[in-house]
Amino acid sequence: MSIRLPRGTQDILPGDVEKWQLIEKKAREICEKFQYHEIRTPIFEQTDLFLRSVGDTTDIVQKEMYTFDDRGGRSLTLRPEGTASTVRSFVEHKMFGYANQPVKLYYMGPMFRYERPQAGRYRQFVQFGVEAIGSDDPAIDAEVIALAMSLYKEMGLKKLKLVVNSLGDKDSRQAHREALINHFQPRIGEFCSDCQNRLEKNPMRILDCKQDRDHELMKFAPSIIDYLNEESKVYFNKVQQYLTSLGIEFEVDSNLVRGLDYYNHTAFEIMSDAEGFGAITTLCGGGRYNGLTEEIGGPEAPGIGFALSIERFIAALDAEKVELPLNNGIDCYIVSLGEDAKDYTVGLLNKLRQAGFSAERDYLDRKIKAQFKAADRLQAKFVAILGDDELKANKINLKSMDSGEQKEMELASFIEEFTALYRN
Ligand code: HAM
């Protein structure tokens, strides 16, 4: 048996990788505009980090982490998400002391979850995420959501649905927690063993259970929205007010709970509404995580962020059939005829590239017709044709593949003439 790539992973090949690069470039541009700065953290972290932040009753921690002991006996985990590492780094590097607050960070890189692979769900996937740490102004919640929406829209997505909810503050959550326990306790025996464990530890997680989601008790489970205290309500209203003033459409969904434990107040997801997008429609998820810095051993610093995967982003672009400005074709292909001419094109090609053009030549000793075919495949804008005879006469022919026009140029001044013509 030949060796194949691991289940749930993909190779991103030339032809596809350009889409990735385009999204990555756009994400960086938008972060620059919104003033978020890149942070790069390790791909593995101490396992405890995720237990404390993502939460030990979540599916991610219980079932999906790639955890291993290194040779020194330390338990390490391939990061399943980026918030924990970013907040760990914020605390470790005392970014709470930076003059500019909140600290606005972004990251892009692979995350790892041992999930059942299917369309849009991988075991290694790339997240782009942002985190704004150090402010609990609801305007920053709106900014974070606006950043994600701008990225999708600027890439050409139209069929988007933004769903927001509030998970409230500590007191609201405590009241909700008690209501959930009262609701589920009498019939908890009908639920899966995970849910039975969650009842006391973290009953909100029951709402997130994939196995029991059709149980009748789920339908009328107490909703957090009915347990928000005044402060939480005011906060949530402000976020909605700001979103409206930014012209961002949204729906409130009181069932949106998110699959990670660190959230409170604002929680949101952006889905694709595109036809044929498939079962998994969530493109982006995020929310507020006041209290997480303390959990990781730092001082209080309220935060909010989101993450989206490039894989699902591309799936949404494909589902909406968005045409991306991808392959523009190369600037010049050099066709040669004869041994001396062939030798000469080695240097000529280099000069074209040094002058800033994308250029290519033949490396397979192909006949002239096949060289032209290669130029077509590369969508060359121009083809420069050099034969031994032209070389002797110090000439070269340049053909515009657009107009079909051909022009003879002096070989000595070819780069200058080509540049002038190209810029025209
Ligand atoms: P999450 O909802 O677990 O949140 O993941 C965010 C996004 O990552 C999802 O909406 C989806 O686009 C993508 N994603 C997750 N799992 C997979 C997978 N197996 N295959 C492909 N894409 C996937 C978080 O990770 C939080 N850290 C987000 C956040 C940042 N909250 C605050 N700051």
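So if I take the centroid of the Cα atoms in segment 17-31 and the same for segment 52-125, what is the distance between those two points in Å?
Distance between centres, Cα-based: 22 Å.
Given the options LEU411, LEU199, LEU207, which has the most mean-square fluctuation in a GNM of the chain, springs set between C-alpha atoms less than 10 angstrom apart?
Highest fluctuation of the listed residues: LEU411.
Across segment 332-423, how many lysine pairs, 8 or more positions apart or on different chains, have C-alpha atoms separated by under 12 Å? Please give the number.
Final tally of qualifying lysine pairs is 4.
Given Cα positions, please report Rg to Rh for segment 324-419, the hydrodynamic radius being the Kirkwood one.
Using only Cα positions, Rg/Rh for segment 324-419 is 0.94.
So if I take the centroid of the Cα atoms in segment 138-160 and the same for segment 321-392, what is the distance between those two points in Å?
Between the Cα centres of segment 138-160 and segment 321-392 lies a distance of 42 Å.
Which value in deg cm²/dmol, rounded to the nearest 500, describes the helix-derived mean residue ellipticity at 222 nm for the chain, given -39,500 (n - 2.57) per DSSP H run of n ≥ 4 and division by the residue count?
It comes out at -10500 deg cm²/dmol, rounded to the nearest 500.
Check HIS265: other-chain or 5+ apart residues with amide H under 5 Å from its amide H, H built from backbone geometry?
Placed amide hydrogens put LEU167, GLY168, ASP169 under 5 Å from HIS265.
Would you kindly calculate the translational diffusion coefficient of segment 307-363, applying Stokes-Einstein with the Kirkwood radius from alpha carbon pairs, for 37 °C and a viscosity of 0.692 mPa s, and quote it in µm² s⁻¹ without decimals?
Answer from the Stokes-Einstein relation: 227 µm²/s.
What are the ³J(HN,Hα) values, in whole Hz, obtained from phi via the Karplus relation 6.51 cos²θ - 1.76 cosθ + 1.60 with θ = phi - 60°, for each residue of segment 251-264 in sequence order, with x given for Gly and Pro?
Per residue, the Karplus-derived 3J(HN,Hα) values read 10, 9, 10, 6, 8, 6, 10, 6, x, 10, 7, 7, 7, 8 Hz.
Quick one: which of 180-188, 304-312 comes out on top by average Cβ neighbours within 10 Å, and what's the full order, highest first?
304-312, 180-188
Please report the antiparallel percentage of the DSSP beta bridges confined to segment 332-423, to the nearest 5.
Taking every DSSP beta bridge with both residues in segment 332-423, the antiparallel ones total about 50 percent.
With all protein chains present, calculate the accessible area of MET95 using a 1.4 Å probe and round the result to the nearest 10 Å².
That residue has around 10 Å² of solvent-accessible surface.
By average Cβ neighbour count within 10 Å, what is the ranking of 321-328, 145-152 from highest down?
145-152, 321-328
Per-residue counts of other Cβ atoms within 10 Å, averaged by peptide: what ranking do you get for 58-67, 356-365, highest first?
Descending packing order for the listed peptides: 58-67, 356-365.
How large is the accessible surface per residue of segment 300-378, computed with a 1.4 Å probe and reported in Å² as a whole number?
Counting only protein heavy atoms, the per-residue value for segment 300-378 is 52 Å².
Toward the positive end of the charge dipole of the chain, about the Cα centre and with charges on Cβ (Lys, Arg +1; Asp, Glu -1), which of GLN127, ALA384, LEU256 goes farthest?
Toward the positive end, the furthest listed residue is ALA384.
Give the shape of segment 147-303 as rounded, prolate or oblate, defined through the alpha-carbon gyration tensor: a ≥ b ≥ c are the square roots of its eigenvalues, a/c under 1.5 means rounded, and otherwise the shape is prolate if a/b is larger than b/c and oblate if not.
Taking the square roots of the gyration eigenvalues as a ≥ b ≥ c, segment 147-303 is oblate.
Highest GNM mean-square fluctuation, the chain, Cα pairs closer than 10 Å: which of SER413, SER272, SER172?
Between SER413, SER272, SER172, it is SER413 that shows the largest mean-square fluctuation.
Over the chain, what portion of Cα pair distances is larger than 28 Å, expressed as a whole percent?
The calculated P(r) of the chain puts 59 percent of pairs beyond 28 Å.
Work out the length of the dipole vector of segment 334-424 about its Cα centre, built from +1 on the beta-carbon of each Lys and Arg and -1 on the beta-carbon of each Asp and Glu, and round it to the nearest 20 debye.
So the magnitude is around 360 debye.
Step through the residues of segment 388-397 one at a time and calculate ³J(HN,Hα) from phi using the Karplus curve (6.51 cos²θ - 1.76 cosθ + 1.60, θ = phi - 60°), rounding each to whole Hz and writing x for Gly and Pro.
Karplus-based 3J(HN,Hα) across segment 388-397 equals 4, 5, 4, 4, 4, 8, 6, 10, 8, 9 Hz.
Enumerate the calculated ³J(HN,Hα) couplings along segment 132-142 in order (Karplus 6.51 cos²θ - 1.76 cosθ + 1.60, θ = phi - 60°), each rounded to whole Hz, writing x wherever the residue is Gly or Pro.
Each residue's phi maps through the Karplus curve to give 10, 10, x, 8, 10, 6, x, 5, 6, 4, 5 Hz.
For segment 42-185, what is the accessible area per residue in Å² when the probe is 1.4 Å?
Spelled out: the 1.4 Å probe surface of segment 42-185, per residue, equals 43 Å².
Which far-off residues, 5 or more places away or on another chain, put their amide H under 5 Å from the one on LEU160, with H placed in the peptide plane?
Result for LEU160 returns ASP273.
Sticking with the crude label model, points 7 Å out along Cα→Cβ, report the distance from SER358 to HIS93 in nm, one decimal please.
Rounded to a tenth, the inter-label distance reads 3.3 nm.
Based on the Kirkwood radius over alpha-carbon pairs, what is the Stokes-Einstein translational diffusion coefficient of segment 87-193 at 10 °C with 1.306 mPa s viscosity, in µm²/s?
Calculated translational D: 87 µm²/s.
Need one number: % antiparallel among DSSP beta bridges in the chain, to the nearest 5.
About 80 percent, rounded to the nearest 5.
Given the options THR281, THR293, THR244, state which has the largest fluctuation in a GNM of the chain using a 10 Å cut-off (strictly under) for Cα springs.
Most flexible of the set in this elastic network: THR244.
Can you list the lysines whose alpha carbon is less than 21 Å from that of LYS25, not counting same-chain residues fewer than 8 positions off?
LYS33, LYS104, LYS153, LYS158, LYS321
Taking a cut-off of 30 Å between Cα atoms, list the lysines near LYS201, but don't count ones fewer than 8 places away on the same chain.
LYS63, LYS170, LYS210, LYS219, LYS233
The values are calculated or read from the model by the stated rules, or taken from the named source; none is laboratory data. Because the structure is predicted, anything quoted here is derived from the model rather than measured. Here Cβ is always computed from backbone atoms with ideal geometry, including for glycine, and neighbour counts include all displayed protein chains. Areas reflect the complete protein model, heavy atoms only, side chains present, ligands, DNA and RNA absent. Shrake-Rupley method; radii C 1.70, N 1.55, O 1.52, S 1.80 Å.
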